[in-house]
1. Take Arg453 and tell me if it is crowded, with 16+ Cβ neighbours inside 10 Å and within 26 Å of Ile561 (Cα to Cα).
2. Go through Val392, Val417 for me and flag whichever is at pLDDT 90 or above and under 21 Å from Asn215 (Cα atoms).
3. Considering only the range 520-546, state which residues are in a helix (DSSP H, G or I) and over 19 Å from the mean Cα position of the chain (by Cα).
4. With the requirement that a residue be loosely packed, with under 15 Cβ neighbours inside 10 Å and either among the hydroxyl-bearing types (Ser, Thr, Tyr) or closer than 25 Å to Met539 by Cα (or both), what does the range 468-489 give you?
5. Quick one: what pairs do we get from the range 653-673, first residue of a type in the set (Phe, Trp, Tyr), second in a strand (DSSP E or B) and crowded, with 21+ Cβ neighbours inside 10 Å, C-beta under 7 Å, 6+ apart or different chains?
6. For the range 654-670, check the following and say yes or no: at least one residue is buried (at least 18 other Cβ atoms within 10 Å of the Cβ), touching a Ser or Thr at 6+ places or on another chain (Cβ under 7 Å) and closer than 18 Å to Glu39 by Cβ.
7. Please go through the range 629-688 and pick out each residue that is within 15 Å of Gly616 (Cβ to Cβ), basic (Lys, Arg) and in a helix (DSSP H, G or I).
8. Which residues, counting only those in the range 548-606, are at pLDDT below 90 and within 23 Å of Phe490 (Cα to Cα)?
Amino acid sequence: MLATDFEQAQKRVLELIPKIEHHRFCYYVLDKPEIEDIEFDKLFNELIELETKFPELRTPGSPTQKVGTAPSTEFKQVHHRHPLLSLANAMGAEDLDKWQERLAKALDSSDVSKLGFVCELKIDGLSIALTYKDGELVEGATRGNGEVGEDVTLNLKTIKSLPKKLNPITLPDGRKKIPAEVDIRGEVYMSIQSFSEVNKQLEEDGEALFANPRNCASGSLRQKDPRKTAKRKLSIWTYNAYIHDLEISQPQSHHATMNLLKELGFPVEPSFKLVHGISEVKEFCRIWDEKRHSLDYQTDGIVIKLDDLKLWDWLGATSHSPRWAIAFKYPPEEIETVLEYIEFDVGRTGAVTPCAMLRPVKLAGTTVKRASLHNYDQIQRLDVRPGDTVVVRKAGEIIPEVLRVVLEKRPAQSEPVVYPTTCPICDTELVRGADEAAFKCPNIHGCKAQITRRLEHFVGKEAMNIDGVGEVLVKQLVESGLVQDAADFFNLDLDSLLTLERMGKKSAEKILQQAEAAKQRPMANLFAALGIPHVGVNMAYDLAQYFPSIEKLASATGEEIEKIEGVGPNISRSVSEFFKNPQTIKLIEKLQKYGVSLEDRADAKASLKVSDALLGKSFVITGTLKGLDRLKAETEIKQRGGKASSSVSKNTSYLVVGENPGSKLAKAESLNVKVLSEDEFMELLKAT
Ligand code: IVH
């Protein structure tokens with residue numbers, strides 16, 4: 001129904017705008033639409049109609065005035081209503097005793113032995129402030145200087161466990177209510193598992209790694225493009241709430257606040273505990289010193305807070321930290337072991353990385369056998385030698401690093417490390433660029449290690465995604481001579497694959513199918529696969545948005561490339577040089593010859609519109625289609641106004657089932673999603 005008078009229209013516009021923005025965000029950023037396109041169009045058209053009828057309601061910020069969701073957050077400043085303070089540290093049990101003494105003095109009481117404290121794990125992440133109005137997240141900001149932080153709302157919204165809508169809480173009279181406004185405090189962090197995945201990908205892309213999950217979380221939260229944050233899988237624990245509501249009062253104790261957070265739907269770290277007296281606090285710290293290593297997130301201490309919130313007001317804060325809380329910090333874990341020898345690895349870019357091979361030793365919950373020595377300068381700085389006893393630390397408890405040498409324990413006949421001057425694999429003389437940390441093997445096209453690493457990268461998931469071709473098979477293919485460059489993956493045939501050891505017919509057929517499908521990979525993946533120096537997955541994606549074909553990218557001028565945010569002269573030079581290289585030209589010619597698509601079909605899509613018959617319908621394809629490859633099937637759907645998505649939800653209209661369907665079929669059946677065979681799907685395409 002269309003509102004008729006101005007006031008009604010205004011009210012409806014104010015409802016529609018956040019709704020539309022939310023659904024755009026789900027669609028464009030999270031890639032997980034919550035409603036059908038047709039529903040979305042209805043909301044959008046309603047807004048257009050209202051704005052046409054009452055032009056004074058059309059604001060510059062209205063979704064009708066924007067295209068999609070702007071990928072760039074501007075990081076506006078946010079003034080925190082309640083400043084975000086830091087915490088005083090307790091470096092050992094004595095500091096806890098001293099804190100107890102200070103509390104006794106300030107509270108004018110000698111009997112503090114039964115005081116209630118809440119002990120929480122101190123999560124090593126970034127503190128953030130969230131504001132919910134009427135149960136909806138309206139603003140999320142970093143700590144900044146404690147008074148003013150940066151607006152990272154869109155990025156925070158990509159965190160799966162963060163509620164987008166709050167649960168109502170039960171009032172003393174039994175009614176249920178959502179607080180009018182609530183300010184939340186919490187810690188955004190990255191799980192150890194997600195951190196390892198991010199670093200693995202960066203390593204494959206030849207990009208700099210994050211030293212620890214905290215830096216990784218921070219880098220991910222401050223991405224200008226929330227789609228990139230969404231890929232990084234951040235998590236959050238919350239630990240404080242300031243309620244602003246006439247009917248809901250602030251809890252009386254901190255443990256009640258923690259329970260209230262849970263009731264509202266926030267994730268709360270489950271290990272928190274209400275204890276009494278400093279000796280129970282110490283016991284909690286002692287127990288978690290060991291236990292914390294079994295968690296999938298990093299903790300660097302315990303935060304201890306007085307439970308009684310009246311005491312928070314009474315004690316107040318210094319300019320830096322509250323008097324009612326303290327952070328007990330665990331010392332960083334270091335251990336001595338013997339460095340047995342140094343191994344030199346050659347990566348995809350030819351960089352030679354020294355790695356310390358250690359006598360295995362237990363550290364922070366795991367056995368450490370290797371530690372990075374980063375580069376030549378680091379070896380010089382540490383003067384580390386084979387046979388040395390070294391102190392190893394897990395930087396951020398994840399990546400072990402050699403901190404220093406215990407000189408007193410150095411064996412009498414020790415010799416300084418002889419840094420290789422030639423490649424340990426192909427014996428070519430190593431070179432070092434003017435401002436580069438690594439020595440590199442310049443034999444880009446002849447060094448077996450580099451070739452193999454590059455080919456492994458080429459078939460990887462984020463690159464050409466030729467499933468079934470892993471490290472071992474790449475090695476076999478290179479050694480047998482079947483694959484000499486990346487294009488050769490597209491010139492394999494059944495007979496030659498079957499000559500490989502342990503290769504069965506089924507696997508060989510699967511590889512050929514996968515390679516065939518990979519010929520239609522989007523340019524973003526192809527650019528990433530090519531291994532252009534300094535161009536990782538994210539950069540490849542950005543490049544493909546502007547230059548959706550190899551030809552366009554290869555012929556772009558440095559100036560044109562540098563128009564892309566985050567692209568400086570280094571990257572643009574690297575791209576230009578890459579495409580000028582005769583080896584690249586040869587490779588691209590070969591790729592073309594074997595039928596690999598060298599342009600995105602996305603730009604062809606609009607001009608090839610067939611009909612609007614599938615408008616509002618969303619399709620998921622599972623298994624292998626015999627008649628057409630997946631990308632083609634998806635293009636056909638899109639050309640008819642439909643949407644192709646990768647996961648089944650209750651909003652999926654059809655699941656198209658090919659040969660060997662995956663778990664999506666069971667999911668579709670459980671959600672009553674209509675299932676189409678390939679033949680039925682082809683019929684549908686013909687009819688539309
Ligand atoms: S309470 C005024 N609780 O540690 C109260 N902080 O070193 C301050 N942190 O800036 C925060 N886990 O980023 C609190 N359970 C927890 C915490 C926690 C991690 C961080 C937070 C704070 C820093 C202080």
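The values are calculated or read from the model by the stated rules, or taken from the named source; none is laboratory data. Keep in mind it's a predicted model, so treat the numbers as computed, not measured. Backbone-built Cβ (ideal geometry, glycine too); neighbour counts: all protein chains shown.
1. Numbers: crowded, with 16+ Cβ neighbours inside 10 Å: yes; within 26 Å of Ile561 (Cα to Cα): no.
In short, no.
2. On the way: Val417 fails: under 21 Å from Asn215 (Cα atoms).
When all the criteria are applied, what remains is Val392.
3. First, the residues of the range 520-546 that are in a helix (DSSP H, G or I): 523-530, 537-546.
Across the range 520-546, the qualifying residues are Met523, Leu526, Phe527, Ala529, Leu530, Leu543, Ala544, Gln545, Tyr546.
4. Once the filter is applied, which keeps residues that are loosely packed, with under 15 Cβ neighbours inside 10 Å and either among the hydroxyl-bearing types (Ser, Thr, Tyr) or closer than 25 Å to Met539 by Cα (or both), the range 468-489 yields Gly470, Glu471, Ser480.
5. Pairs that qualify, where the first residue is of a type in the set (Phe, Trp, Tyr) and the partner is in a strand (DSSP E or B) and crowded, with 21+ Cβ neighbours inside 10 Å, are Tyr654/Phe619.
6. No, every residue in the range 654-670 fails to be buried (at least 18 other Cβ atoms within 10 Å of the Cβ), touching a Ser or Thr at 6+ places or on another chain (Cβ under 7 Å) and closer than 18 Å to Glu39 by Cβ.
7. The answer is Lys638, and nothing else.
8. Within the range 548-606, Asp600, Arg601, Ala602 qualify.
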